[in-house]
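Following: one structure in structure tokens, then a few remarks.
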Amino acid sequence: MPASLARPVTWWRRQSLRLRVTAAATAVLALALAASAYVFVAVLGEALVRGIDDQVYQRGREIVALSDANRLSDPVVSSDNTIVQVLDREGRIVDATPNTDRLVPLLPAASREAAVRTGSPLFLDGRPYALPGPLRVRALSADHGVTVIVARSFAEVESSMVTIGHVLIAGMPLLLALLAAVSWLVVGRTLRPIALLRRGAAEVGATARSRRLPVPEARDEVHALATTLNDMLGRLEEADARQRALVSDAAHELRSPLASIRLQLEVALSHPEGQDWTETAEGVLEDTLRLSRLAEDLLALARLDEGRLGRREPVDLVSMARRTAERYGLDLDLGLDLAPSVSPVVASPVVLGDTLDLRRVLANLVDNALRHAASAVGIGVRAEGSVAELTVTDDGPGIRPEDRERVFDRFTRLDDARSRDDGGAGLGLAIVRTTVEAHGGTVHLEDASPGLRAVVRLPLAR
């Protein structure tokens with residue numbers, strides 16, 4: 001864009017929305033009024049000219065009829081200020097109204113012949129004939145070579161058109177100014193809720209919680225915007241609350257193994273001569289492994305919360321379930337009943353996702369089931385319509401229905417059987433749900449009678 005055009009465009013973009021909307025509306029209205037005025041004047045002028053032409057033609061036909069009947073009077077009577085000249089075959093004026101010249105015809109011979117032949121009215125300057133203003137003239141042919149010239153002054157129409165033009169020229173700026181002022185006020189009132197939203201958003205700081213933006217009463221786009229922004233603020237507050245809770249719980253979980261490591265090392269250093277260093281190293285290693293698992297779980301949750309998934313590829317759920325069973329070293333005698341419900345003849349359910357994340361989901365469910373099972377754990381895989389279903393079942397004490405959703409919260413433990421020493425930090429099921437939802441699926445717990453069944457549903461790969 002040339003520099004000469006870039007500066008006005010930049011200036012225009014820097015103006016307020018109120019000014020730009022008002023200016024644009026006024027400009028469009030000015031163009032519309034100008035076009036309307038032009039069309040109005042053109043149509044009105046044409047209508048007035050057509051009216052005069054009709055009067056001239058009707059008067060001319062009357063004179064022609066009288067001439068053909070030899071009933072013309074001298075002078076010709078005219079009650080509507082119409083100018084009439086009756087010419088004989090030689091072009092001499094034989095009859096005329098008192099308001100016109102009886103010696104000089106209004107139209108020369110050539111012009112008369114052309115006017116009679118075309119039948120079209122003409123404009124004629126009346127000043128050479130001592131007549132006021134322009135004239136509208138028509139020539140008609142009568143019997144015996146007689147020509148009738150009929151004219152009427154156009155001054156009244158011209159004066160009316162000039163008056164209308166002056167009124168439009170004087171009135172349009174006033175009308176535009178009035179409409180611009182009204183537009184300025186209306187746009188200002190329309191944008192007032194947005195200004196309130198802006199001030200409300202400015203008052204919402206990093207430490208200001210439970211703040212909401214003002215919602216206008218009108219059910220318009222601004223109302224929808226305010227509602228959407230308040231919903232966003234609510235989600236941000238929930239995310240902030242979850243983040244703070246996660247940081248607090250993570251700090252609490254980290255403090256315990258760190259305190260244990262510190263205590264073991266302080267005791268060992270205080271009494272080195274009676275210390276079993278192998279036992280101390282084993283205890284420190286156990287706490288270190290707990291810290292490592294917690295760090296890995298937190299990193300996995302952080303990655304999933306950011307929506308960062310690994311490479312998506314087809315994953316065979318039956319093969320993944322068999323490999324998981326082999327990795328845990330379980331067989332039918334030891335309590336692992338790996339019985340996919342997919343027929344060997346039918347292709348195994350295949351989903352699209354990150355292989356490592358889905359393996360982690362199954363491993364966490366199996367870990368949780370083995371931790372609380374009485375004697376058996378079952379893994380099931382089947383396809384239902386466009387969904388693949390993966391289940392892990394144990395015959396343990398189960399979970400009460402009112403707690404089956406709460407266990408998916410982070411750092412949640414329901415009882416002593418799920419304590420820190422027995423089952424980790426309470427992030428396994430949270431990772432399961434976050435991973436499954438990131439893959440477009442769902443997970444829930446249900447009663448297995450006896451025991452508990454975890455059900456994961458994932459969309460099949462197309």
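Just so you know, all these numbers are worked out from the coordinates, no wet-lab data involved. Here the structure is a predicted model, which is why all the values come from computation and not from measurement. Neighbour counts run over all protein chains shown; Cβ positions are idealised from the backbone, glycine included.
Tabulated data
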| item | result |
| --- | --- |
| Estimated inter-spin distance, residue 447 and residue 120, nm [label 7 Å along Cα→Cβ] | 10.0 |
| FRET E, pair residue 244, residue 190, Förster distance 30 Å, beta-carbon r, rounded to 0.05 | 0.15 |
| Helical mean residue ellipticity (222 nm; -39500 (n - 2.57) per DSSP H run of 4+; nearest 500) of the chain | -19000 deg cm²/dmol |
| Dipole in debye (nearest 20) - the chain, about Cα centre, beta carbon charges: Lys, Arg +1; Asp, Glu -1 | 2380 |
| Shape of segment 72-154, Cα gyration tensor, a/c cut at 1.5 | oblate |
| Dipole in debye (nearest 20) - segment 9-69, about Cα centre, beta carbon charges: Lys, Arg +1; Asp, Glu -1 | 880 |
| Dipole axis of the chain (+1 Lys, Arg; -1 Asp, Glu on Cβ), positive-most option in 132, 191, 278 | 132 |
| Segment 47-149 - charge dipole about Cα centre, Lys and Arg +1 at Cβ, Asp and Glu -1, debye rounded to 20 | 200 |
| Positive-end extreme of charge dipole, the chain - chosen from 22, 393, 321 (charges on Cβ) | 22 |
| Furthest towards positive pole of dipole, 443, 170, 142, structure part the chain, Cβ charges | 142 |
| Mean Kyte hydropathy of 1.0 or more with a Cα span along the axis of at least 24 Å, helices from DSSP in the chain | 155-203 |
| Cα-projected label distance for residue 41 with residue 156, points at 7 Å along beta-carbon direction, nm | 2.3 |
| Loop-located trypsin sites (Lys or Arg not before Pro) in segment 36-93, at most 10 other Cβ atoms within 10 Å (DSSP) | 71, 89 |
| Rounded to 5, percent antiparallel among DSSP beta bridges of the chain | 95 |
